[in-house]
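The values are calculated or read from the model by the stated rules, or taken from the named source; none is laboratory data. Here the structure is a predicted model, which means the values were calculated and not measured. Positions of Cβ are generated from backbone atoms using ideal geometry, with glycine treated the same way; all protein chains shown enter the neighbour counts.
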Amino acid sequence: MSMKGSKYGSLENHSKIDITMDRTLRFLHEVDISGLDNYYRFKEGYKPNYSDTECLAVETCAVRRRADALYEKVVEADLAKYADDIRALSLIDIPERSEWILDPHFKMGLGDLEFHVIIHHGKFKKATDQLVHLDFFFGKLQVRIRPNRKQRGRVKVIHPSDICNVPDGGVKTKAVPTNPREARGLYLVVSADDVKLFTHIGKLVRRICDAPNELGEFGNHCDGSGVYLCQRVDLHPVPGRGLNYEEEIVEEHPFKIHHSHLLSVYQMEHINSTGNRLMYDVRKRFGGLTLPCDEPDGKEKARQTKERVTSVIESIHDLEERIYNARKTPPPPPQPGPIDWDKVSLV
C-alpha cells in the first residue's frame, strides 16, 4: 500500500472495507470486522492513504455490491410477477373453440415467447405465417403482433377471430414441417383429435421421429400420415434475465400426435440448438434423426467443422484467383530453336 495521497481520499472515505479479501474487500487493520487480533491495528491517530488502484478496487467492490442487491430485487420482483400471472391465468375460463387462441394454458406454457400462426382476416391478413404472442392485460388475454420487427415496443392487438376463423381449405400454420431434418424446433400443442391427448394441450414438445407404423417400426421418412412421436419439455423462466428460459425434458412417456395440432414456437438458433442437444439421448433411443451438432460435444465439433469448411472455401477461392491471374498473364516470347551452322555465313 502506498502512503502518498490519492484522489480517492483516505481510509475515512472507505471504512469497513478490506481490499485484501476477495469477497469483502475489508482492510486488514479493521480488526473488529475482520476477526484479526490487535497486532494488525494501526497506531492511534494514524490515518493511512491508499493508492488510486487500491481505492478503485474498493469503489468497484461497492458498485458490485449495489448491483448484486439490485439484481436480487429484480429476481424477487420477477418471481412475484410470475406467481401472480400463473394465479390469474388459472382463474380464466377455457374459451370457446371459436377463440381457441386465447386458451390460458398456451400462455402458461409459452410465457412471453412468440409463435407462428396464419392470420386469415383483418388488417394483418397474410397467406404465410407471422409471429404473434399472448399478453395478459387487465385480467384478459390478448393476441399481439409487432408489425415492425425492429421496434420491439410497438405492438398491435389482433382480434382472435382473425386467426381462429380458418376458411375452408385453410390451415392454422404452415410453419410445422413434415421433413424430419427440418422438424427440429419447439412446438406448442394447441388441439387434439383424441380425448386421451387433451391433457397435452398447452404443453410444449419436441419431435422424436415418425410415430411407429403397424409393424411397430419407428422412422424418419414421414410416410405422409404426418403423425409425430413427441417428447414433452418444459421451459422455466430465469428470473432477472428478461425473456431467458431454461429447458428440460419432462419425465413422461412419448406420445403420438398429428403435426396439424402443433404450432411452431420461435426461438433463436443457439437456444433451439441447446434444446436439440437435450433430445439427443431420447432420439437415439427411439431411432430418431440426430445430427453431429446434437452430440454432447457437438457444439465443439460443429465449430471445428465450420472452421474446416471455411478453410476449404478459402483454399478454393485462392486457387481460383491463381488460375484467373495465370490466364491473364501474357505468354512468354518464343525461344530460339537449334542453330543450323551450315547455313550461317561467317563472311
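So, in region 183-207, how many residues would count as being within 12 Å of VAL117 (Cβ to Cβ) and free of Cβ contacts under 8 Å to residues at least 60 places away in the same chain?
Going residue by residue through region 183-207, those that are within 12 Å of VAL117 (Cβ to Cβ) are 188, 190.
Those still in the list that are free of Cβ contacts under 8 Å to residues at least 60 places away in the same chain too: none.
Going through region 183-207 one residue at a time, the tally reaches 0.
Restricting attention to region 252-274, which residues are outside any strand (DSSP E or B) and either hydroxyl-bearing (Ser, Thr, Tyr) or not assigned by TED's automatic domain parsing to the domain that holds VAL205 (or both)?
Result: SER260, TYR266, SER273, THR274.
Can we say VAL176 is at pLDDT below 90, buried (at least 16 other Cβ atoms within 10 Å of the Cβ), under 26 Å from LEU262 (Cβ atoms) and under 25 Å from the mean Cα position of the chain (by Cα)?
Values: at pLDDT below 90: no; buried (at least 16 other Cβ atoms within 10 Å of the Cβ): yes; under 26 Å from LEU262 (Cβ atoms): yes; under 25 Å from the mean Cα position of the chain (by Cα): yes.
For VAL176, the condition - at pLDDT below 90, buried (at least 16 other Cβ atoms within 10 Å of the Cβ), under 26 Å from LEU262 (Cβ atoms) and under 25 Å from the mean Cα position of the chain (by Cα) - is not met.
Would you check if there is a residue in region 105-119 being more than 25 Å from the chain's Cα centre (by Cα) and assigned by TED's automatic domain parsing to the domain that holds HIS159?
Yes, region 105-119 contains at least one residue that is more than 25 Å from the chain's Cα centre (by Cα) and assigned by TED's automatic domain parsing to the domain that holds HIS159.
Picking from TYR82, TYR46, TYR71, which residue would you name as being modelled with pLDDT under 75, assigned to a loop (DSSP other than H, G, I, E, B) and either out of contact with any Gly (no Cβ under 6 Å at 6 or more places or on another chain) or surrounded by 11 or more Cβ atoms within 10 Å (Cβ to Cβ) (or both)?
When all the criteria are applied, what remains is TYR46.
Against the condition farther than 22 Å from GLN267 by Cα and either small (Gly, Ala, Ser) or surrounded by 15 or more Cβ atoms within 10 Å (Cβ to Cβ) (or both), how does GLY111 come out, does it pass?
Details: farther than 22 Å from GLN267 by Cα: no; either small (Gly, Ala, Ser) or surrounded by 15 or more Cβ atoms within 10 Å (Cβ to Cβ) (or both): yes.
Here the answer is no, as GLY111 does not meet what is asked.
Between a first residue in region 266-294 that is farther than 19 Å from VAL176 by Cα and of a type outside the set (Ser, Thr, Tyr) and a second residue that is at pLDDT 90 or above and in a helix (DSSP H, G or I), which pairs have beta carbons less than 7 Å apart while being 6 or more apart in sequence or on different chains?
Correct list of pairs: CYS293/SER273; ASP294/ASN276; ASP294/ARG277; ASP294/TYR280.
If we only count strands (runs of 3 or more DSSP E) wholly inside region 124-188, which ones have 3 or more residues that are hydrophobic (A, V, I, L, M, F, W, C) and not assigned by TED's automatic domain parsing to the domain that holds ILE249? Spell out how you get there, then give the answer.
Working: elements: 129-137, 140-145, 156-158.
In region 124-188, 129-137, 140-145 are the strands (runs of 3 or more DSSP E) which contain 3 or more residues that are hydrophobic (A, V, I, L, M, F, W, C) and not assigned by TED's automatic domain parsing to the domain that holds ILE249.
Would you check if PRO180 is touching a Lys or Arg at 6+ places or on another chain (Cβ under 8 Å) and either in contact (Cβ under 8 Å) with a residue 24 or more places away in the chain or within 23 Å of GLU247 (Cα to Cα) (or both)? Walk me through it before giving the result.
Details: touching a Lys or Arg at 6+ places or on another chain (Cβ under 8 Å): yes; either in contact (Cβ under 8 Å) with a residue 24 or more places away in the chain or within 23 Å of GLU247 (Cα to Cα) (or both): yes.
So PRO180 fits the description; yes.
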